[in-house]
1. Counting just the residues of the stretch 46-60 that are surrounded by fewer than 22 Cβ atoms within 10 Å (Cβ to Cβ), in contact (Cβ under 8 Å) with a residue 24 or more places away in the chain and assigned to a helix (DSSP H, G or I), which one comes out nearest to the chain's Cα centre (by Cα)?
2. Would you call Leu109 of a type outside the set (Ser, Thr, Tyr), part of a helix (DSSP H, G or I) and in contact with a helix residue (DSSP H, G or I) (Cβ under 7 Å, 6 or more places away or on another chain)?
3. Which ones in the stretch 61-89 are charged (D, E, K, R) and either within 13 Å of the chain's Cα centre (by Cα) or part of a helix (DSSP H, G or I) (or both)?
4. Looking at Arg76, Arg83, which is the one that is surrounded by 16 or more Cβ atoms within 10 Å (Cβ to Cβ), on the phi < 0 side of the Ramachandran plot and basic (Lys, Arg)?
Amino acid sequence: MKIGAVVLAAGGSARLGQPKQLLRYRGETLVRRAARAALDAGCAPVAVVVGPERTKTAAVLRDLAVIILPNESWQRGMGTSIRAGVEALQDCDALTILACDQPHVDSTLIRRLLAQHEQTQKPMVASAYAGTLGVPALFARTCFDQLLSLGAEQGAKALLTVQPNDIAQVDFPEGAVDIDTPADWERLAFKN
């Protein structure tokens with residue numbers, strides 16, 4: 001089974017005021033942590049969808065076996081990045097979608113998603129945190145058309161809310177930590 005990964009790293013980080021994908025946490029950038037987690041879990045190919053910081057993002061990933069996938073429509077919303085990733089990795093049997101702003105994502109979590117998919121044969125496996133389901137999440141090929149039809153401003157969560165019977169889940173309480181604002185970043189930096 002060929003399981004690829006799409007790392008969403010194209011946003012403009014407007015609320016943060018600096019490119020979140022390039023923030024350093026525990027010695028490496030957030031985008032590199034996400035890409036490495038997918039690679040270390042055995043996902044291949046791994047596509048990193050990039051926006052305005054494409055040159056700097058590509059530079060911090062240059063020694064990793066990833067595909068740099070520019071998204072010229074990144075300003076329209078996350079759905080455009082998901083669409084770019086799915087279109088580029090159409091030959092995969094399933095895709096794991098990750099956001100680069102969740103610093104606690106690691107290869108162990110990704111492996112748990114893959115194992116849960118194999119065990120349950122559910123077309124979607126999502127991370128469970130803060131009373132909701134979200135990314136990182138795995139989507140089987142049967143979900144690709146739905147991912148491609150997401151609205152520009154929709155994320156993968158839109159699929160997770162409409163088909164609850166098709167979803168297996170993996171507990172990931174640390175998934176509630178994501179970096180959107182300076183306060184989020186300060187809290188994370190203070191804890192470590």
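Rule-based calculations on the coordinates, nothing more; no lab input. From a predicted model like this one, the values you see are computed outputs, not experimental measurements. Please note: Cβ atoms are built from the backbone with ideal geometry, for glycine as well, and neighbour counts cover all protein chains shown.
1. Applying the filter and picking the extreme gives Val60.
2. Answer is no for this residue.
3. If the condition is that a residue be charged (D, E, K, R) and either within 13 Å of the chain's Cα centre (by Cα) or part of a helix (DSSP H, G or I) (or both), then Arg76, Arg83, Glu87 are the ones that fit.
4. Arg83
For (1) part of a helix (DSSP H, G or I); (2) without any contact (Cβ under 8 Å) to a residue 40 or more places away in the chain; (3) under 14 Å from the mean Cα position of the chain (by Cα); (4) buried (at least 20 other Cβ atoms within 10 Å of the Cβ), each residue gets a yes or a no:
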| position | (1), (2), (3), (4) |
| --- | --- |
| Val125 | no, no, yes, yes |
| Ala128 | no, no, no, no |
| Leu133 | no, yes, yes, yes |
| Thr142 | yes, yes, no, no |
| Gly155 | no, no, yes, yes |
| Leu159 | yes, yes, no, yes |
| Glu174 | yes, no, no, no |
| Ala183 | yes, yes, no, no |
| Glu186 | yes, yes, no, no |
